1. For the range 128-180, what are the residues that are within 14 Å of the ligand (Cβ to nearest atom) and of a type in the set (A, V, I, L, M)?
2. When you scan the range 113-124, do you find a residue that is within 16 Å of the ligand (Cβ to nearest atom), of a type outside the set (Ser, Thr, Tyr) and surrounded by 13 or more Cβ atoms within 10 Å (Cβ to Cβ), even just one?
3. Does SER318 meet the test of being open to solvent by 10 Å² or more (accessible area, probe 1.4 Å), at pLDDT below 95 and either more than 19 Å from the chain's Cα centre (by Cα) or not aromatic (Phe, Trp, Tyr) (or both)?
4. Being open to solvent by 50 Å² or more (accessible area, probe 1.4 Å) and free of Cβ contacts under 8 Å to residues at least 40 places away in the same chain: is that true of ASN396 here?
5. Just for strands (runs of 3 or more DSSP E) wholly inside the range 466-534: which have at least 2 residues that are in contact (Cβ under 8 Å) with a residue 60 or more places away in the chain?
6. Name the single residue that is nearest to VAL198 (Cα to Cα) among those in the range 267-296 being touching a residue at least 60 places away in the same chain (Cβ under 8 Å) and surrounded by fewer than 18 Cβ atoms within 10 Å (Cβ to Cβ).
7. Which residues, taken from the range 135-189, are within 24 Å of the chain's Cα centre (by Cα), surrounded by fewer than 15 Cβ atoms within 10 Å (Cβ to Cβ) and either of a type in the set (A, V, I, L, M) or closer than 30 Å to HIS79 by Cα (or both)?
8. Report yes if SER73 is out of contact with any helix residue (DSSP H, G or I) (no Cβ under 9 Å at 6 or more places or on another chain), of a type outside the set (A, V, I, L, M) and under 30 Å from SER503 (Cα atoms), otherwise no.
Amino acid sequence: MRLILFVLFISSSLLGAQNNYPQDYFSSPLEVPLILSGTFAELRSNHFHSGLDIKTQQRVGLKVKAIANGYVSRIKISHFGYGKALYITHPNGYTSVYGHLQKFSPEIEAYIKKHQYEKESYQIELFPSSATLPITKDSLIAYSGNSGGSGGPHLHFEIRDKAERPMNPMLFGINVEDNIAPIIKSIYAYPIDANSFVNKSNTKQKLNLIPIENGNYVIKNMEAYGHIGFGVETNDRQDLAANSNGVYNIQTLVNGNKNFEIDFKRFSFDETKHINQLIDYEIYTTKKQRIQKLFKKNNPLSLLKPVLNNGFLNIEDSTYSVYKIRVADYKNNESWVTINIKGTKNSITETIENKETTPYFIKTDQTVNLKKENIAVNFYKDTFYDDFYLDFEVKNDTLTLHKNTIAAKKSFNIAFDISKYNDEDKQKLYIARLIGYNKYPIYSNTKRKGNLLTTNTKILGTYTLATDNTKPTILPINFKNGQWLSKYRYLKIKIDDKDSGISNYRATVNGKWILMEYDYKTKTLTHDFNDGTL
Ligand SMILES: [Zn+2]
């Protein structure tokens with residue numbers, strides 16, 4: 001017993017205070033062993049994952065159970081995002097969230113359908129009172145599914161605190177087998193200013209990572225001078241699945257002193273966008289690798305715990321420093337990287353190439369309005385993290401607005417004046433972003449007001465006017481024209497639209513609205529005849 005206490009003390013002194021959260025209050029939301037395809041706060045596109053993705057044996061329809069007593073406090077059904085989602089508020093103040101569901105328990109299902117038919121909408125958001133749908137612990141609340149923006153059957157599961165901040169559900173004793181330490185995939189070093197160097201270069205360098213025993217790593221013979229920082233690409237695997245998931249904690253030490261920590265315990269939804277400032281956005285958009293920067297610059301993320309110098313190092317001439325990175329998963333399996341840094345004020349051989357300049361220097365603490373020919377761009381204050389030279393060009397209804405290598409934390413506005421087009425064409429024009437080598441146009445959510453087409457976006461890149469001349473298509477899936485459907489349970493239709501996509505749909509039988517559930521992944525509308533509309 002004494003030995004166990006000693007071990008706990010050692011590990012918690014490095015990890016910080018561990019855990020004051022209730023351990024036996026919540027039970028498992030599923031009856032199957034918990035195997036994860038996604039961990040809390042793992043890095044996703046433009047956000048941190050706000051819960052656990054629990055695998056459901058590659059199928060839909062597993063029983064989902066309430067993890068504690070409480071009441072249904074929110075129901076949200078949407079085409080995208082969490083699809084069919086249920087929120088249960090518990091007497092201890094926490095809320096549990098269950099997403100991508102297939103359907104709900106009969107009582108909840110009836111409650112939702114009543115409101116969908118009243119509102120004549122599949123997409124709906126409801127906030128029932130505490131007396132409407134009370135829930136007891138371990139009772140069936142729903143069936144797992146693949147609805148909304150889900151890439152395969154699984155349960156998205158969250159625990160939120162009173163302030164609606166998602167927390168790591170593992171903190172509450174939700175147990176997942178894990179004896180495998182995180183993997184370090186790559187390490188980068190960053191010279192921070194014009195007078196700093198890494199291996200004789202003033203630009204970021206990928207370092208040569210050498211695996212050693214016990215799953216640890218070393219980087220030998222690194223030379224540096226001045227103000228530098230590091231970045232790490234890492235992920236974690238658990239015992240029962242091959243999925244690459246997120247890690248739980250990253251810490252760094254300089255000559256034995258802790259200087260930075262990323263602690264994936266809790267965050268708020270309004271800060272999740274700052275993931276694009278945590279990762280090296282340029283590498284992410286060009287190579288699809290997520291390098292987490294181990295220093296804090298213009299980033300308000302609460303997951304970052306700067307300890308010393310915001311994670312930066314100041315390397316002086318003729319010195320020797322040891323920098324260590326510790327990456328851990330929730331079960332405290334850990335991997336270490338040791339970097340030996342020789343401080344060398346070299347007679348610099350590399351001439352620092354002039355940073356690319358343009359006439360458009362964006363000061364991010366100012367509003368910026370740009371206009372050329374028929375196209376206007378408006379950046380609000382604080383749209384970007386850093387000041388930079390923007391590439392801005394207009395030619396033949398096409399706007400070049402830099403490249404998508406710089407992250408925006410706010411949307412900006414692009415407006416096209418279309419007065420030169422005739423009235424018929426005006427109705428069919430939309431704003432498209434051109435992507436990839438082939439400059440493929442994808443629809444950018446376009447608003448029309450008189451002779452102006454506008455779009456709000458966070459993505460720098462090339463935008464143009466495109467025309468949608470093709471009507472949407474409607475195809476029967478499980479019946480033919482003129483066929484009797486009397487014995488059918490479901491009516492299934494495939495809807496699709498080339499170019500700008502489906503904006504809305506409405507289905508009626510004998511003039512009366514019927515509920516059709518839309519799955520954008522299969523482009524399918526489904527009506528259940530058990531709704532009793534016929
Ligand atoms: Zn999820």
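1. LEU155, ILE159
2. No: zero hits.
3. Yes; evaluated as a whole, the condition is true for this residue.
4. In short, yes.
5. In the range 466-534, the matching strands (runs of 3 or more DSSP E) lie at 517-519.
6. Result: GLU282.
7. Across the range 135-189, the qualifying residues are GLY151, GLY152, ASP161, LYS162, ALA163, GLU164.
8. yes
The values are calculated or read from the model by the stated rules, or taken from the named source; none is laboratory data. It should be emphasised that the depicted structure is a prediction, and the values quoted were computed from it without experimental measurement. In this analysis, Cβ positions are derived from the backbone assuming ideal geometry, glycine residues included, and neighbour counts consider all displayed protein chains. Calculation scope for accessible area: heavy atoms of the full protein, side chains included, ligands and nucleic acids excluded. Shrake-Rupley method; radii C 1.70, N 1.55, O 1.52, S 1.80 Å.
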